[in-house]
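Since the structure comes first, as structure tokens, the remarks are kept for the end.
The values are calculated or read from the model by the stated rules, or taken from the named source; none is laboratory data. Since the model is a prediction, treat every value here as computed from it, not as a measurement. All Cβ positions, even for glycine, are placed from backbone atoms using ideal geometry, and neighbour counts span all protein chains on display.
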Amino acid sequence: MGNKLLYKIHVTGRVQGVGFRWSAANEARNRGITGYVKNLPNGSVYIEAEGYREQLNSFVEWCKAGPGFGFVDSVESDIFPPVNYTDFLIEHF
């Protein structure tokens, strides 16, 4: 599968108050991805997702659609070296 990577993902749109964080955490855990998700004060959602490229790419595709509530305007992701997260958590700002 290759080496693990860390994707730092920013999701904009109507993504707060619609279950996005909970759904993203569930999707990440189901894919074997570790990291965290949190709301940002500007109304966007920030995710650090760690896993293998195939897992992460499919997770980013899920982020583009979201959980079906609200709507996603854009998803931007950047790749970084892994930091060895052990779980996927929902954080609060």
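All of (1) of a type outside the set (S, T, N, Q); (2) exposed (fewer than 14 other Cβ atoms within 10 Å of the Cβ); (3) modelled with pLDDT under 95; (4) within 16 Å of Ile90 (Cβ to Cβ) hold for Gly2 with one exception: (4).
Residues in the range 61-74 that are more than 16 Å from Asn26 (Cβ to Cβ) and at pLDDT 95 or above: Lys64, Val72, Asp73, Ser74. Considered as a group, the residues in the range 38-53 that are within 15 Å of Leu6 (Cβ to Cβ) and not basic (Lys, Arg) include one that is surrounded by the fewest Cβ atoms within 10 Å (Cβ to Cβ), and that residue is Tyr52.
If the Cβ limit is 6 Å and pairs must be 6+ apart or interchain, which residue in the range 74-90 that is touching a residue at least 60 places away in the same chain (Cβ under 8 Å) pairs with which residue that is of a type outside the set (A, V, I, L, M) and in a loop (DSSP other than H, G, I, E, B)? Hits for this filter: Pro82/Lys4.
Count of the range 19-37 residues, restricted to those that are buried (at least 17 other Cβ atoms within 10 Å of the Cβ) and either assigned to a loop (DSSP other than H, G, I, E, B) or not acidic (Asp, Glu) (or both), is 12. Leu56 meets all of the listed conditions (1) surrounded by 19 or more Cβ atoms within 10 Å (Cβ to Cβ); (2) in a strand (DSSP E or B) but one, namely (2). Taking the listed residues Lys8, Lys64, the one that is free of Cβ contacts under 8 Å to residues at least 12 places away in the same chain and surrounded by fewer than 16 Cβ atoms within 10 Å (Cβ to Cβ) is Lys64, with no other qualifying.
Here Asp73 clears all of (1) assigned to a loop (DSSP other than H, G, I, E, B); (2) over 14 Å from the mean Cα position of the chain (by Cα); (3) on the phi < 0 side of the Ramachandran plot; (4) not aromatic (Phe, Trp, Tyr) except the condition numbered (1). Across the range 1-11, what is the total count of residues that are over 12 Å from the mean Cα position of the chain (by Cα) and not in a loop (DSSP other than H, G, I, E, B)? So the count comes out to 1.
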